[in-house]
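Written below as structure tokens is the structure these notes are about.
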Amino acid sequence: MREYDFRGIEAKWHARWVANKTYHVTEDETKQKFYVLNMFPYPSGAGLHVGHPLGYIASDIYARFKRQQGYNVLNPMGYDSYGLPAEQYAIQTGQHPEITTFRNIDRYREQLDKIGFSFDWDREVRTCDPGYYHWTQWAFQQMFRSYFCTSANKAMPIDSLIRHFETRGTEGITAASSEELSFTAAEWQAMSEEKKSRTLMNYRIAFLGETMVNWCPKLGTVLANDEVIDGVSERGGYPVEQKKMRQWCLRVSAYAQRLLDGLQTLEWSDSIKETQKNWIGRSEGTEVRIGVADSDVEFTIFTTRADTMFGVTFFVLAPESELVRQLTTAGQKAEVDKYLAYVKGRTERDRMIDHTVTGVFSGSYGINPITGDKCPIYISEYVLSGYGTGAIMAVPAHDSRDYAFARHFDLPIIPLIEGADVSEESYDAKEGTVMNSPMAGKTAFKGFSLNGLSVKEAIAATKKFVSENGLGRVKVNFRLRDAIFSRQRYWGEPFPVYYKHGIPCMIPEECLPVELPQVENFLPTESGEPPLGNAQIWAWDEVNRKIVDKALIDDKTIFPIELFTMPGFAGSSAYYLRYMDPSNDHALVDDRVAAYWQNVDLYVGGSEHATGHLIYSRFWNKFLFDLGVSKQEEPFHKLINQGMIQGRSNFVYRIKDTNTFVSLGLKDRYDTTPIHVDVNIVRNDILDVDAFKAWRPEYETAEFILEDGKYVCGWAVEKMSKSMFNVVNPDMIVERYGADTLRLYEMFLGPVEQSKPWDTNGIDGCHRFLKKFWQLFWDKEGNLPADATEPTADNMKTLHRLIKKVTADIEAFSYNTSISAFMVATNELTAQKCRSREVLMQMVTLLAPFAPHIAEELWEAMGGEGSVCDAQWPSFDEKFLVESSVQLGVQFNGKVRFSMLFPTDATPEEMVRLATEAPEAQKYLEGKQVVKTIAVPKRIVNIVVK
RNA sequence: GCCCAGAUGGUGGAAUCGGUAGACACGAGGGACUUAAAAUCCCUUGGCCAUUGCGGCCGUACGGGUUCGAGUCCCGUUCCGGGCACCA
């Protein structure tokens with residue numbers, strides 16, 4: 001007998017893998033590639049808890065499996081080390097972010113190394129490394145030099161747009177823009193350099209824009225939409241206000257349709273696709289131009305309910321709209337100003353929570369182009385300036401918000417759908433038959449009528465009528481906004497931009513990367529002054545092409561450099577491309593290398609990135625695809641979202657005002673307070689009383705009321721966090737049970753995609769399995785099985801059933817069921833006293849992706865060639881699986897049928913014959929008439945008799 | 001409000017195509033070995049009834065339906081989780 005010495009085995013193989021560079025991969029044209037990727041971690045100060053490696057283990061199993069199937073597998077790892085989390089941690093601990101980040105990375109690496117991953121560490125990337133962010137800056141510059149052509153539906157060089165302006169002005173251009181501009185070639189040529197620069201910003205994919213931003217004073221920076229949740233910052237939960245600021249932005253909205261279309265080609269879960277669909281928010285509708293009575297002014301409204309144009313009784317403008325100024329009459333000015341002041345005083349959060357009706361009449365009237373009716377124009381905060389045109393037509397009968405407004409201001413309500421009762425609430429459903437369009441006795445523009453049509457038909461008819469008669473046009477709107485790309489923070493990529501007399505210019509590509517300067521004071525400020533303002537050596541010398549002291553700034557050759565830095569998502573948007581070619585100094589990725597690895601075949605990470613990273617990197621990749629740098633339109637073909645591991649907290653119950661603790665079963669007899677207790681001093685919910693006394697000084701004198709001599713703790717599922725004392729550390733598990741047990745148990749816990757609480761209690765089962773697996777190989781004298789022993793039929797059946805099951809399960813990411821199958825197979829082979837070397841070698845091969853250390857050890861001991869990582873994945877043979885005997889089970893429920901079990905390979909006809917001829921069946925069939933027989937797969941026949 | 005995904009023993013979870021519900025594991029109870037503990041092994045473990053008998057009834061959140069047969073499909077309800085939300 002030999003003991004399973006997991007500590008010795010794991011240390012030995014970890015060292016061996018490092019020495020042999022077992023997991024280093026290179027491009028190999030003779031093999032098919034497979035790219036497995038995990039979302040790289042933020043190296044936070046708390047280190048890894050047991051939940052973090054879940055996704056890494058799942059993908060590592062898949063990567064090892066694919067490798068054994070003969071693929072050339074890329075499985076890299078790195079660190080997302082720029083951005084808010086790293087910086088907040090540094091601020092909280094009062095240290096420079098560079099110091100804390102590097103220390104955190106070392107700690108992560110140390111922890112990761114203990115778990116036996118097949119990462120190719122030679123390809124590690126760090127987003128804060130200049131060699132890495134060189135290419136983040138480079139991509140930004142490419143976006144600056146590009147615009148999005150809507151007819152080609154892709155990014156194009158801005159130079160081609162400039163040439164168009166020079167010859168034809170804006171005539172015939174098809175470009176995504178912030179606003180629609182119109183000028184002639186002559187006007188363009190007459191523009192100053194500054195005006196030209198400003199005009200081009202309207203088209204560039206990376207542009208400076210004066211936009212409303214989410215400003216978070218506490219964090220001292222602006223935030224992207226996905227970083228704001230319920231009106232407060234995602235990180236820290238601080239209030240966020242709307243503020244107009246000049247910011248770098250990325251024209252993500254130009255890619256909205258491609259981002260939406262691409263989803264169809266992806267193997268992602270429905271729920272995450274749905275989340276992205278909602279976030280992109282495509283809405284097909286109609287824009288209609290509205291004239292204003294006694295005025296030259298016109299404005300445009302957007303509606304998805306063109307069919308309701310006959311029910312318009314007023315118009316509404318967003319308070320921030322430019323039109324407010326133009327359409328407010330002198331008589332209403334005081335009222336309107338008062339309202340605008342009120343709106344300004346409200347935060348984003350106020351608006352979200354409080355939906356009371358507010359608004360003010362502008363004094364002007366809009367003219368409904370179809371009915372010719374004059375309707376009052378109101379201003380109200382329920383209309384958003386950022387969506388559509390910032391102006392709407394209000395149809396109170398069929399829109400609940402318009403209804404509430406009409407009721408509040410006592411405006412008319414015209415029902416347009418037969419049978420709809422609008423006396424109490426609006427009828428918002430898009431179904432029914434249209435009426436009152438126009439109302440009886442009235443005529444509409446050009447005799448237009450929708451009466452009698454269904455809502456769907458009416459929408460289509462109105463769209464057609466509006467565009468044919470020049471009243472407006474069909475328009476698609478997206479909820480997806482352009483991404484705000486600058487942060488007023490220190491710990492991020494500097495922009496490779498300097499300002500020449502206020503005009504932003506790119507620092508030449510050859511001079512990249514622009515390295516983050518050292519500063520004494522890196523703290524953010526509430527006023528929004530960027531910390532890079534504290535950098536002394538931070539000016540661009542155009543002639544000598546280098547960064548110099550800002551004291552030297554003059555108006556001829558030395559200019560200030562941008563003080564903003566890039567947001568966290570900048571570095572994480574194209575890291576998967578950089579892993580392909582991580583040390584290339586000449587390109588983000590070599591063209592031939594990119595052509596080999598293509599894109600990520602399997603991406604594993606949390607679903608919380610659905611509207612952040614997973615949108616940004618899809619956008620970023622599409623842009624690089626347009627440039628020809630990325631070889632695939634979509635970066636991540638298949639996505640698996642691992643569930644969160646929650647904590648399982650334990651409680652002790654202290655009797656109020658005492659230092660006496662009562663066991664769970666007896667606590668209801670006393671007035672108690674539950675107190676979190678460190679899960680590491682509790683086993684199977686039984687408290688280690690002595691450890692508890694030693695845990696904290698105040699418990700030294702604690703007394704206990706026990707049940708059956710034990711102190712039983714209560715428990716609850718909560719987030720894993722230090723304050724709940726429920727953090728379980730992977731190092732501790734590895735120390736006690738080994739990495740292979742940890743890997744197995746994390747997968748055994750349940751489906752990878754499901755969130756579940758960590759409960760250390762169950763881990764013994766997996767550890768026991770590995771011990772049994774180990775014992776399977778050694779006889780009493782400590783010898784391994786000899787070559788000559790022939791496998792029995794039972795051995796082969798057990799083995800091949802396992803091969804079939806595990807192969808299918810890994811493909812389906814159903815690791816928990818494969819591990820169950822291993823347990824069953826191991827017990828069967830133990831019972832069979834299997835001594836076949838052939839069978840056992842195959843067992844090792846199958847276990848290798850799950851528990852690589854023990855597999856390597858046994859593989860070597862059995863004389864296997866090379867590393868078990870490269871042992872070919874076995875295929876199963878159906879011939880070993882065929883059932884050899886007829887299993888017969890009869891059910892008779894007092895009703896008129898029964899079922900039986902049959903061999904797998906029997907045809908339906910054979911099954912019916914076997915069933916009717918079986919002696920057990922005869923006693924039920926005797927004297928009865930067969931009404932019908934039903935033979936179905938899975939070996940069951942039902943015979944209905946009467 | 002709209003959209004998506006769920007609900008199975010004391011616990012985590014199996015049942016992959018509509019075909020023996022509860023695999024596998026934990027926990028619990030009983031037993032063996034042991035001075036004792038640890039480790040290991042064996043038995044029981046959804047509920048109720050019967051247990052000198054080898055069986056019966058009920059059971060997959062709830063109410064209906066389709067089917068020879070439903071955890072699985074359809075309709076309705078409740079509850080939990082996630083996304084979007086004055087987006088016109």
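Any read-out appearing in this document is the output of simple, stated calculations on the displayed coordinates, not a laboratory observation. Please read all numbers here as calculations on a predicted model, not as lab measurements. FYI the Cβ positions are ideal-geometry reconstructions off the backbone, even for glycines, and counts take in every protein chain you see.
Can you pull out the GluC sites (Glu not before Pro) in region A:846-882 that DSSP calls coil and that have at most 14 other Cβ atoms within 10 Å?
Those that pass, being in a loop and sparsely packed, are A:865.
Note on region A:1-88: along the principal axes its Cα atoms extend 50, 44, 23 Å, ordered by decreasing extent. Binning the alpha carbon pair distances of region A:296-451 at 5 angstrom intervals from zero yields the distribution 2, 9, 18, 21, 21, 14, 9, 4, 2, 0, expressed in whole percent. Cα convex hull, chain A: 282 Å³ per residue, rounded to a whole number.
Summarising the label geometry, the points placed 7 Å from Cα in the beta-carbon direction at residue A:96 and residue A:246 lie 3.1 nm from one another. Between A:395, A:587, A:94, the Cα set farthest toward the positive side of the dipole of chain A (charges on each charged residue's Cβ, about the Cα centre) is that of A:395. Annotation for region A:420-459: GluC sites (Glu not before Pro) lying in DSSP loop with at most 16 further Cβ atoms inside 10 Å of their Cβ are A:424, A:425, A:431. For residue A:771, the aspartates and glutamates whose Cα comes closer than 13 Å to its Cα, not counting residues fewer than 8 places off in the same chain, are A:3, A:5, A:740. Residue exposure proxy: A:796, A:435, A:732, ordered by other Cβ atoms within 10 angstrom of their Cβ from fewest to most, comes out as A:732, A:435, A:796.
Could you pull out every one of the lysines with an alpha carbon less than 23 Å from that of residue A:463, ignoring same-chain neighbours closer than 8 positions? Partners within reach: A:374, A:430, A:442, A:446, A:475. P(r) tail, region A:397-500: Cα-Cα pairs separated by more than 18 Å, 67% of all pairs. Pairs with C-alpha atoms separated by more than 22 Å, drawn from the list A:780/A:833; A:273/A:719; A:656/A:722; A:797/A:833, are A:273/A:719; A:656/A:722. Listing A:794, A:555 from fewest to most neighbouring C-beta atoms within 10 Å gives A:555, A:794. Counting every other Cβ atom within 10 Å of each residue's Cβ, A:843, A:644 order from fewest to most as A:644, A:843.
Over all directions, the projected convex hull of the C-alpha atoms in region A:554-678 averages 16.9 nm² in area. Extending 7 Å from Cα along the Cβ direction at residue A:523 and again at residue A:2 yields two label points whose distance is 6.1 nm.
Each label was represented as a point 7 Å from its Cα along the Cα-to-Cβ direction; for residue A:293 and residue A:666 these points are 8.4 nm apart.
In a fully extended conformation the segment linking residue A:879 and residue A:700 would gain 57.8 nm over its present Cα-Cα distance, using 0.36 nm per residue. Once the Kirkwood radius over Cα pairs is known for region A:690-766, the Stokes-Einstein relation at 20 °C and 1.002 mPa s delivers a diffusion coefficient of 142 µm²/s.
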